[in-house]
Amino acid sequence: MTNGYDSEANGKVKQEVKAKKREIALKNLGADKLSNLAVAFFAQQENSGFGKIDNDSVEQFLYGPSLREADAYNLETGDKSSLVYDSLVGSRHEGKRYSGQVSEYEIIKTAAMIKQESLTALKVEDLMNLTGSKLNIKAGYQNKYISDLIASENKEDKKLAEILVGVSMNYFTTRGVSKALDFMAEEIRGGLEKLVGEEQKK
């Protein structure tokens, strides 16, 4: 049987752990290269609503450049690591060096999972801030961790958390595809300028 002091101490430790995870999660969510790989995963899903041109632009302008340099932070330790290297090493057969067989799909799926897990480590207002929202959060959800809502016995809270994570992933994917299409449009414009534009004098 634990006394009130032990219970309070345990509660404080849990809050510190969640606060640390939140800090690390925000680093993951601010990592553009990791986010670009997650966009590549979500955009190519059958029910994503994105087509061939969308995915072509994502591959050319987000996936390709990001694959070379993507880093992620471990939510438990905070250690920074190379997503591609870790995926390759993690796929080794019985730990034997250079025996791994990892696919591109597994790498972008890992990026997507890191992004989703990072979202659950945030507070509701963190997530809304990442979408650029200036909305005042309802009193019942202020300063609440999404992971607590997911673990809640209250069905409404649990459902809200699932919707927040799912819809925000859709938002970030749409923004990523839009960024890739902007890059593609700029490249097309550059091609047109080469055809008809005068050479700039130095």
Name the pairs: first residue in the range 135-153 and closer than 11 Å to Glu125 by Cα, second residue of a type in the set (Gly, Ala, Ser) and surrounded by 11 or more Cβ atoms within 10 Å (Cβ to Cβ), Cβ to Cβ under 8 Å, at least 6 apart or on different chains? Tyr145/Ala121; Ile146/Ala121; Ile146/Ala161
Identity of the residue in the range 105-146, within 16 Å of the chain's Cα centre (by Cα) and of a type in the set (S, T, N, Q), that ends up farthest from Thr77 (Cα to Cα): Thr131
Out of the residues in the range 72-95 that are hydroxyl-bearing (Ser, Thr, Tyr) and assigned to a helix (DSSP H, G or I), which is farthest from Glu106 (Cα to Cα)? Tyr85
Looking at (1) at pLDDT 95 or above; (2) buried (at least 16 other Cβ atoms within 10 Å of the Cβ), can you tell me which one Ser178 breaks? (2)
Lone qualifier among Asn36, Asn74 - being of a type in the set (S, T, N, Q) and under 12 Å from the mean Cα position of the chain (by Cα): Asn36
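Is one or more of the residues making up the range 51-70 outside any helix (DSSP H, G or I), of a type in the set (A, V, I, L, M, F, W, C) and modelled with pLDDT of 95 or more?
Kept after step one, since they are outside any helix (DSSP H, G or I), are these residues of the range 51-70: 51, 68-70.
When the remaining residues are screened for being of a type in the set (A, V, I, L, M, F, W, C), the result is 70.
Next cut, modelled with pLDDT of 95 or more only: none.
No, the range 51-70 contains no residue that is outside any helix (DSSP H, G or I), of a type in the set (A, V, I, L, M, F, W, C) and modelled with pLDDT of 95 or more.
The values are calculated or read from the model by the stated rules, or taken from the named source; none is laboratory data. Note that the structure is predicted; figures quoted are calculated from it, not measured. Cβ atoms come from the backbone with ideal geometry, glycine included; neighbour counts cover every protein chain shown.
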